[in-house]
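The values are calculated or read from the model by the stated rules, or taken from the named source; none is laboratory data. Only a predicted model underlies this, so the values are computations on that prediction, with no experimental measurement involved. Positions of Cβ are generated from backbone atoms using ideal geometry, with glycine treated the same way; all protein chains shown enter the neighbour counts. Areas reflect the complete protein model, heavy atoms only, side chains present, ligands, DNA and RNA absent. Shrake-Rupley method; radii C 1.70, N 1.55, O 1.52, S 1.80 Å.
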Amino acid sequence: MSNSIEIPFSTTLMVRDTCLCLHVQRAARALARLFDDALRPAGLTNGQFSLMMSLNRPEPPPMGPVAALLAMDQTTLTAALKPLQRQGWVKVMENPRDRRGRLLSLTTEGKAVLARALPIWESTHAALDGRLSDGSSARLRQDLQALSSMTGETGKSARSPRRSSHGGEAAAE
């Protein structure tokens, strides 16, 4: 007699068909590949585009709000900034109001790269929106924002892994 626990295959199929986490992860990976491929001629990944766009503000933002917007911790943000700094596209400077903090800004060259990438993003996004039924892209954004709000991702940076709905660890990003 075996003491092993058997989970019925029907349960595997049910999780495959109903797990929101799985389906959001799959969709996120597909979208990331789509935008990575599209933005490659501009020399950017989709993550770099999003990060640089988040720095396109009238005043250089501190790291905390940028990390919160991108749903990442500050250590991950620091690592993501390094290649952009090496390219000369992003500048990290001391915050004059709090010398322990850092402010982030796009350089002139970074703004030029972002300006070249923007039409690519716009056309890729328009094509994607066109493949979804009328109004569904707006509804999808609303639903994803609601999910982010429920899990605490909106307005603060993720500091520790959380349990996902299927019992595993959910990525903080």
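Below, the figures for the structure above:
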read-out: Exposure rule at most 16 other beta-carbon atoms within 10 Å, DSSP loop trypsin sites (Lys or Arg not before Pro): the chain longest free segment; value: 1-96
read-out: From the coordinates shown, volume of the Cα convex hull per residue in Å³ corresponds to which of (1) 147; (2) 168; (3) 109; value: (2)
read-out: Rounded accessible area per residue of the stretch 1-148, 1.4 Å, Å²; value: 67
read-out: Length-normalised contact order for the chain - Cα pairs under 8 Å, 6+ apart - percent; value: 26
read-out: Difference of contour (0.36 nm per residue) and Cα-Cα distance, residue 99 to residue 57; value: 13.0 nm
read-out: Per-pair calculated FRET efficiency, R0 = 41 Å: residue 12 and residue 82 via Cβ, rounded to 0.05; value: 0.50
read-out: Residue 5 accessible area, 1.4 Å probe, all protein chains in place, Å² to nearest 10; value: 150
read-out: Net +/- balance of residues flanking residue 20 in space, Cβ distance below 13 Å, scoring K and R +1, D and E -1; value: 0
read-out: Amide N of the stretch 121-149 lying under 14 Å from the label point, which is placed 7 angstrom from the Cα of residue 20 along Cα→Cβ; value: 140-149
